[in-house]
Amino acid sequence: IKSFCRESMIVSLVKTASELEIYAREFEVSCSNLDQLLRLTFELYKLTPPPLPTPIPLTAYPLDFHAPEDVSPPWGPDVSKALDSIAQESSILTDDATQRKTSFEQAEYAVSVIVSAFQRQNDVEQGARLGRKNMQVMDRLAKMQAHKRNSIAAIRDSYGNNLLATNAADEFQSLRQKSSNVGSLSDAIHSTPDIPLLVCNVLVSNATGMCYVTNSSILFVTQLIPLLGGNRVHLFSILDVELTINPPSKSMLSPLPASISLTTTSGRTREEVYNFIPSIGARRFAKFLEVVRDVAVEDPNTLKFSERGGLIYMYNESM
């Protein structure tokens, strides 16, 4: 009975812990995507990227649990009480022949009581182990989010301290001023010019161009008339637009990869204001912009770390 109940608990524990692990790994993949895309930018500006957080094994986190067999040998307190209750009730039933249960009924009742007792003890252990796993996952998420923020901030805050980044920001500012809608954005021009976090090639209709992503804006520079020269500049705030990934074109004559639509809210409907195909891939570009937007709207005081860095240490220091 003990082995059966424990096996059921382990199956349930592994299922729930696996779901937490999948969520954490998806977040870490998003962080890895950001790192890969920003690596070229750090190299271009000759900046040192922040180090990746050091993974901590699950066993390093506190487990608030004591085996019931150690508390009340050999079965645990709940099972010991159940056995005493069964023995007492069997004695009472034996003395009262008129209400005596059959041997099968007594055995069925005893097994159900013992199973319930083992399950209660296992529930305590499962709760403690899931609590420890949840603490590890929350710690990993917090460190990854802090790493994302620090990576973007390392580039964003280098204006005036790094010549290459400063020049890139000034060039971006010049392009920004050429856009007709620069004054209509929710992110008004900052006192410190934006430094491009990502620069990639794009295809807009039949025109090629460049896309610049900063911590607040997306800017597109495309050829007005191919071969004859002239550029068209479109500027959007990352807070004003939503991204929709369109499936690849199935045309045999003109197959194209997945594209991205930028949409804005117009009344109760959403209106497409721009469509493009990024050279780094639509899904990868969308994930990158999602991270940049999250960092842009995030309260910098949301995550607080101790000097040793991490929720595990905060937990231990508060004990």
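The values are calculated or read from the model by the stated rules, or taken from the named source; none is laboratory data. Keep in mind the model is a prediction, meaning the values are calculated, not measured. Cβ atoms come from the backbone with ideal geometry, glycine included; neighbour counts cover every protein chain shown. Heavy atoms of the whole protein, side chains included, go into the accessibility calculation; ligands, DNA and RNA do not. Shrake-Rupley method; radii C 1.70, N 1.55, O 1.52, S 1.80 Å.
Please tell me if ARG156 is within 19 Å of the chain's Cα centre (by Cα) and open to solvent by 20 Å² or more (accessible area, probe 1.4 Å).
Answer is no for this residue.
If I ask for residues that are open to solvent by 80 Å² or more (accessible area, probe 1.4 Å) and not in a helix (DSSP H, G or I), which ones from the range 27-47 would you list?
Correct list: LYS46 only.
Considering only the range 71-82, I want to know if a residue exists there that is closer than 19 Å to ARG129 by Cβ and open to solvent by 70 Å² or more (accessible area, probe 1.4 Å).
The answer is yes, given that some residue of the range 71-82 is closer than 19 Å to ARG129 by Cβ and open to solvent by 70 Å² or more (accessible area, probe 1.4 Å).
Quick check: is even one residue across the range 31-50 among the acidic types (Asp, Glu) and more than 30 Å from THR214 (Cβ to Cβ)?
Looking for residues that are among the acidic types (Asp, Glu) and more than 30 Å from THR214 (Cβ to Cβ), one finds none in the range 31-50, hence no.
Where residues in the range 277-294 are under 10 Å from PRO257 (Cβ atoms) and assigned to a loop (DSSP other than H, G, I, E, B), which of them is most open to solvent (accessible area, probe 1.4 Å)?
Across the range 277-294, the extreme among qualifying residues is SER279.
Name the residue that is least open to solvent (accessible area, probe 1.4 Å), counting only residues in the range 1-26 that are farther than 21 Å from PHE118 by Cβ and in contact (Cβ under 8 Å) with a residue 40 or more places away in the chain.
ALA24
So that you can scan it fast, the table gives a plain yes or no per residue for (1) hydrophobic (A, V, I, L, M, F, W, C); (2) in contact with a Lys or Arg (Cβ under 7 Å, 6 or more places away or on another chain); (3) over 30 Å from ASP78 (Cβ atoms):
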{"residue": "VAL113", "(1), (2), (3)": "yes, no, no"}
{"residue": "PHE118", "(1), (2), (3)": "yes, yes, no"}
{"residue": "ASN122", "(1), (2), (3)": "no, yes, no"}
{"residue": "ALA128", "(1), (2), (3)": "yes, no, no"}
{"residue": "GLY131", "(1), (2), (3)": "no, no, no"}
{"residue": "MET135", "(1), (2), (3)": "yes, no, no"}
{"residue": "LEU141", "(1), (2), (3)": "yes, no, yes"}
{"residue": "GLY160", "(1), (2), (3)": "no, no, yes"}
{"residue": "LEU164", "(1), (2), (3)": "yes, yes, yes"}
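Filter the range 263-300 for residues that are among the charged types (D, E, K, R) and farther than 17 Å from LEU203 by Cβ and give the result.
Hits for the range 263-300 are ARG268, ARG270, GLU271, LYS287, GLU290, ARG293, ASP294, GLU298, ASP299.
Collect the residues in the range 269-297 that are under 20 Å from the mean Cα position of the chain (by Cα) and of a type in the set (Val, Ile, Thr), keeping them in residue-number order.
Those that are under 20 Å from the mean Cα position of the chain (by Cα) and of a type in the set (Val, Ile, Thr): VAL291, VAL292, VAL295, VAL297.
For a quick check of your reading: which strands (runs of 3 or more DSSP E) sit entirely within the range 184-249 and have at least 3 residues that are within 25 Å of TYR159 (Cβ to Cβ) and modelled with pLDDT of 90 or more?
Here the list reads 198-204, 207-213, 217-225, 229-237.
If you go through the range 48-62 one residue at a time, how many are under 15 Å from ARG156 (Cα atoms) and either open to solvent by less than 100 Å² (accessible area, probe 1.4 Å) or within 15 Å of the chain's Cα centre (by Cα) (or both)?
2
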